[in-house]
Amino acid sequence: MTTSVLFVCMGNICRSPMAEATFRQMVENAGLSHQFEIDSAGTGAWHVGEPPHRDAQAVLRKHGIPIRGIIARRVQPDDLHRFDYLVVMDDDNEYEMNRLARRYGLRGEIVRLLDMADPAVANGVRDVPDPYYAGGFDYVYELVRSGCAGLLDRIVEDQLE
């Protein structure tokens with residue numbers, strides 16, 4: 001059985017590609033790569049075709065996480081039927097995914113990444129902040145890493161055992 005996960009942020013060059021690459025590495029380290037399909041997308045089309053933001057790339061490199069050809073794309077209606085988990089970064093992404101789900105239907109589940117993060121790391125924060133203008137890529141990585149670890153634990157407990 002394959003579990004499919006789509007990470008969603010606004011432009012698909014900062015948060016969601018960091019989550020995609022981080023989650024992929026965690027899945028690989030757990031020896032579960034053959035059981036997952038992992039991707040990311042944005043709710044907007046501003047950066048379609050671009051690689052992740054240079055600062056996102058730098059943070060991932062610092063943590064030894066390969067980017068592996070991640071290129072920004074926009075969420076497509078068929079993503080709502082293709083993925084088991086649509087993992088959003090903030091309120092705006094959740095709103096947009098729910099809007100698309102009402103229009104096109106939904107097979108999987110829309111979840112917030114930080115709902116699965118260690119409470120000590122998230123510290124009451126529910127939205128992964130967008131570092132595109134404000135910076136803070138290291139902080140965003142820590143939130144993403146914790147959320148991805150919690151997501152993997154949840155999936156393993158719920159579906160793979």
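Only the coordinates and a few stated rules stand behind these numbers; no lab work does. Computed from a prediction, not measured in an experiment: that's the story for all the values here. Because the Cβ atoms are built from the backbone with ideal geometry, glycine has one as well, and the counts that use them run over all protein chains shown.
Miscellaneous remarks
- Radius 13 Å from Cβ of residue 49, net charge of other residues (Lys, Arg +1; Asp, Glu -1): +1
- Residues in the stretch 50-60 carry Karplus couplings, in order, of 8, x, x, 3, 4, 6, 5, 4, 4, 5, 5 Hz; the curve used is 6.51 cos²θ - 1.76 cosθ + 1.60 with θ = phi - 60°, and Gly or Pro positions show x.
- When you filter the trypsin sites (Lys or Arg not before Pro) in the stretch 28-129 for DSSP loop state and at most 16 other Cβ atoms inside 10 Å of their Cβ, you are left with 68, 107, 126.
- Residue list for the stretch 67-101, given a label point 7 angstrom along the Cα-to-Cβ vector of residue 125 and an amide N cut-off under 20 Å: 87-95
- Under Karplus coefficients 6.51, -1.76 and 1.60, residue-wise ³J(HN,Hα) of the stretch 125-140 in Hz, glycine/proline x: 7, 9, 9, 6, x, 7, x, 3, 9, 8, x, x, 4, 5, 5, 4
- 3J(HN,Hα) along the stretch 104-116, derived from phi through the Karplus expression 6.51 cos²θ - 1.76 cosθ + 1.60 where θ = phi - 60°, amounts to 10, x, 8, 8, x, 9, 8, 10, 8, 4, 6, 5, 10 Hz, with x in place of Gly and Pro.
- Sorted by Cβ density within 10 Å, fewest first, the residues 137, 23: 137, 23
- Förster radius 25 Å - calculated FRET efficiency between residue 33 and residue 74, Cβ distance, rounded to 0.05: 0.45
- For residue 36, distant residues with modelled amide H under 5 Å away: 3
- Remark: the chain carries a charge dipole of roughly 460 debye about the Cα centre, counting +1 on each Lys and Arg Cβ and -1 on each Asp and Glu Cβ.
- Neighbour-count order for 40, 146, 16, fewest beta carbons within 10 angstrom listed first: 146, 40, 16
- GNM flexibility winner over the chain from 114, 32, 60 (Cα, springs under 10 Å): 32
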